[in-house]
2 protein chains.
Amino acid sequence: MNKLAVVALGGNALLRGNQKGTIEEQVQNTTDTLENLVPLLKEGYNLVIGHGNGPQVGNILMQHDAGEQMYTIPQMPLDVCVADSQGAIGYMIERSLRNVLRKHGINREVCCVVTPVVVDKNDPAFKNPTKRVGRVYTKEQADELAVSRGWVFKEEVKDTVSGWRRVVPSPKPIGIMNESIIEQLVSQGVIVIAAGGGGVPVYIDEAGNVCGSEAVIDKDLASSLLANRIKADEFYILTDVPYVYINYKKPNEKKLEFLNKADTDRYLTEGMFGEGNMAPKIKACLQFIEQGGHKSVITEATKLSDKSYGTKLTLEYED
Amino acid sequence: MNKLAVVALGGNALLRGNQKGTIEEQVQNTTDTLENLVPLLKEGYNLVIGHGNGPQVGNILMQHDAGEQMYTIPQMPLDVCVADSQGAIGYMIERSLRNVLRKHGINREVCCVVTPVVVDKNDPAFKNPTKRVGRVYTKEQADELAVSRGWVFKEEVKDTVSGWRRVVPSPKPIGIMNESIIEQLVSQGVIVIAAGGGGVPVYIDEAGNVCGSEAVIDKDLASSLLANRIKADEFYILTDVPYVYINYKKPNEKKLEFLNKADTDRYLTEGMFGEGNMAPKIKACLQFIEQGGHKSVITEATKLSDKSYGTKLTLEYED
């Protein structure tokens, strides 16, 4: 049996912060990133690709805002915006990957499945929205939108810009719709692009109906959950550093090549990982091995071809 | 073996021209339309749902235009905009259909597959773009965009508005990517949402690479091609009339309940169907039965429960 890996690409792997975000840039970034998956495919891995959507869904929200102001087109809620981004990014990954596979003579099907991800509507995150999305508003605009749409705002001071930004909840993913379809496709060797942007957030109401949720789901947690549900062997988070470090960028910085559950728990308790950055990735990796996965890896995309790179997280240290 | 039907929903089945296009309106329209598919499902049909995206991709183009003007966010090309709309509309259909199925106690999986559709880059349509998309520009703006982006414009005078609109080619679909995946999923009873908006237009270049195409594909032709490729038994186009008519809205108007290939060919040659409206639908239906399908039906969604309604097109008249 081929091994199954779920690989979560960061949003920046596709659209970088210092770029304008033209289609040419996005296709080039995507192709460069996907080239790094070739070694896994040549080893015969089955593969699911998850991806972020931060910069893209940010653009979509701004475009909806502008479209409403200029052309009175109603803005769509966040779940629909995430679905938008799954379609567009999924297509770009599929197209680029087909061309990369062709270049390397690898014969695999590629398919993007729009993926709703279930959250609990009683998740405490709904009482404490923290994730900043969309444009910067003035105090007056924010107050008006708080009344007319029920949006919640927090003040933001960043560089020379200050103003108010909408904050939305980031609840925990608890279920992956279409997980059985995804599992079945990958078992046949299809490379499936799924749970993009953390998944389209939905909840199940009292009557049992599926409803859209104005939230965003952490993409690493969603990919990790999906990896468990489809019984993946390995879970990769591709980011912009080759290893995880403790005391990152301090004089006593230490590179971590191997982590077991006990040490990881301890480091997390001690706050040794950046809270807004590496800690959520570590938690997603930990969740994967606690729920039955064999190994989680955090590394740079370009380091995938060399297995000596990357921080490997397993339940117990391996010999 | 269960029969397999491909049902193509009009863009207006989801978002109506006289509505503002809020999410509440779209979900309600979608749910109402999908309710009409329940009789087919209760008969045990396997099902693929195609759909239009005219009003939605129109909104996306306007939002991209506004986002560029207000926030300098680069506009995405048409293929990416269609992929956007497949994600958003596919999600809305999936969510609404899950709730409709639940209400009727039908236990089926539902899944939206992002679907690139291949066109020939030498299709004559590329030399004669005809499909109007996006906002209305002034002559000066149109001239500038023609130079800076290579867009083609045609003058438009409609009601009180006059100006210039971008026109794009509408080439013939010649291949459906992921057709084998779609076929396999439906054979297991999964209701698959596919080829939305006519599919994400792509072409294969000389080197064999998949490239995005700035075009739109007729959604009925794409659904018809998909229906053939996955060996569907029946192909339905749901529109806003219960039957096809000849001499529509004239004193000698005649309702057509049954059509065979010979009569259909003759009526088409005689120009008996509206060129911009019913003729393309008839051609899509004809293509389906010519390529091996058993029956094509054109009718209103609300008439699906009563098989006496609808214009049925078969190779030969049936007894």
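The values are calculated or read from the model by the stated rules, or taken from the named source; none is laboratory data. The structure displayed is predicted, hence computed values, not measured ones. A quick note on method: Cβ atoms are made from the backbone with ideal geometry, for glycine too, and the neighbour counts reach across all protein chains shown. Just so you know, the surface numbers come from the protein's heavy atoms only, side chains and all, with ligands and any DNA or RNA stripped out. Shrake-Rupley method; radii C 1.70, N 1.55, O 1.52, S 1.80 Å.
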Quiz prompt | Cβ-Cβ FRET estimate between A:T160 and B:A262, R0 fixed at 51 Å, reported to 0.05 | solution = 0.10
Practice problem: Using amide H atoms built 1.01 Å from N in the peptide plane, name the residues 5+ places from B:I193, or on other chains, whose amide H lies under 5 Å from its own. | Solution: B:I49, B:C111, B:C112, B:V113
Exercise. Provide the per-residue ³J(HN,Hα) series for segment A:145-159, in order, calculated from phi with Karplus coefficients 6.51, -1.76, 1.60 and θ = phi - 60°, each as a whole number of Hz, with x at glycine and proline positions.
Key: 5, 4, 6, 6, 10, x, 6, 10, 10, 10, 6, 9, 10, 9, 6
Quiz item: On average, how many beta carbons from a partner chain sit within 10 Å of the beta carbon of a residue in B:175-188?
Solution: 3
Quiz item: Antiparallel DSSP bridges in chain B: what percent, to the nearest 5?
Solution: 45 percent
Self-check item: Surface/4 estimate of mean projected area, convex hull on alpha-carbon atoms of segment A:129-168, nm²
Solution: 2.6 nm²
Exercise. Would you please give the residues with an amide H less than 5 Å from that of A:T239, counting only those at least 5 places away or on a separate chain, with H modeled from the backbone geometry?
Key: A:T299, A:E300, A:A301
Quiz item: Does anything in segment B:103-137 have its amide N under 18 Å from the 7 Å Cα→Cβ label point of B:E290, and if so which residues?
Solution: B:120, B:123-125
Quiz item: If the cut-off is a Cα-Cα distance under 22 Å, which lysines reach B:K103, setting aside same-chain residues fewer than 8 apart in sequence?
Solution: A:K121, B:K42, B:K303
Exercise. Given the peptides A:5-17, B:300-312, arrange them by the average over their residues of other C-beta atoms within 10 Å, most packed first.
Key: A:5-17, B:300-312
Exercise. Rank these residues by their accessible area, most exposed first, probe 1.4 Å: A:Y317, B:Y45.
Key: A:Y317, B:Y45
Quiz item: Residue by residue, what Karplus-based ³J(HN,Hα) values in Hz, rounded to whole numbers, does segment B:18-34 have, using 6.51, -1.76 and 1.60 with θ = phi - 60° and x for Gly and Pro?
Solution: 8, 10, 6, x, 5, 5, 5, 4, 5, 5, 5, 4, 4, 4, 4, 5, 5
Quiz item: How far apart are the B:G44 label points across copies, placing each 7 Å from Cα toward Cβ, in nm, shortest first?
Solution: 4.1
Quiz item: Carbon and sulfur together cover what percent of the accessible area of segment B:185-319 at a 1.4 Å probe radius?
Solution: 48 percent
Self-check item: Karplus 3J(HN,Hα) series, Hz, for segment A:181-192 with 6.51 cos²θ - 1.76 cosθ + 1.60 (x for Gly, Pro)
Solution: 5, 4, 4, 5, 5, 5, 5, 9, x, 5, 7, 9
Quiz item: Name the chain A residue with the Cβ nearest the axis that maps A onto B: which is it, and what is the distance in angstrom?
Solution: A:G87, 1
Quiz item: How many square angstrom of accessible surface are buried between B and A, both sides summed, with a 1.4 Å probe and rounding to 100?
Solution: 4600 Å²
Quiz item: What would the Debye formula give as log10 I(q)/I(0) at q = 0.08, 0.09, 0.16 Å⁻¹ for the alpha-carbon point model of chain B, no solvent?
Solution: -0.37, -0.47, -1.44
Quiz item: Once Rh for the protein assembly as shown is found with the Kirkwood sum over Cα pairs, what is the Stokes-Einstein diffusion coefficient at 25 °C and 0.890 mPa s, in µm²/s?
Solution: 96 µm²/s
Quiz item: Distances from A:Q188 to the same residue in each other copy, label points 7 Å out along Cα→Cβ, in nm, shortest first?
Solution: 0.7
Quiz item: Quick one: Kirkwood hydrodynamic radius for segment B:44-119, alpha-carbon pairs, angstrom, one decimal?
Solution: 14.4 Å
Quiz item: Can you give the calculated 222 nm mean residue ellipticity of the protein assembly as shown, where each DSSP H run of n ≥ 4 adds -39,500 (n - 2.57) and the sum is split over every residue, rounded to the nearest 500 deg cm²/dmol?
Solution: -11500 deg cm²/dmol
Exercise. Give the calculated FRET efficiency between A:E316 and A:I23 to the nearest 0.05, with a Förster radius of 41 Å applied to their Cβ-Cβ distance.
Key: 0.35
Exercise. Would you mind checking the tilt of helix B:219-229 against the longest principal axis of the Cα atoms of chain B, expressed as 0 to 90 degrees and rounded to 10?
Key: 50 degrees
Quiz prompt | When segment A:160-267 is reduced to its Cα atoms, the Kirkwood hydrodynamic radius in Å | solution = 17.2 Å
Quiz prompt | Label-zone membership for segment A:101-133, site B:A207, 7 angstrom Cα→C-beta point, backbone N under 16 Å | solution = A:101-106
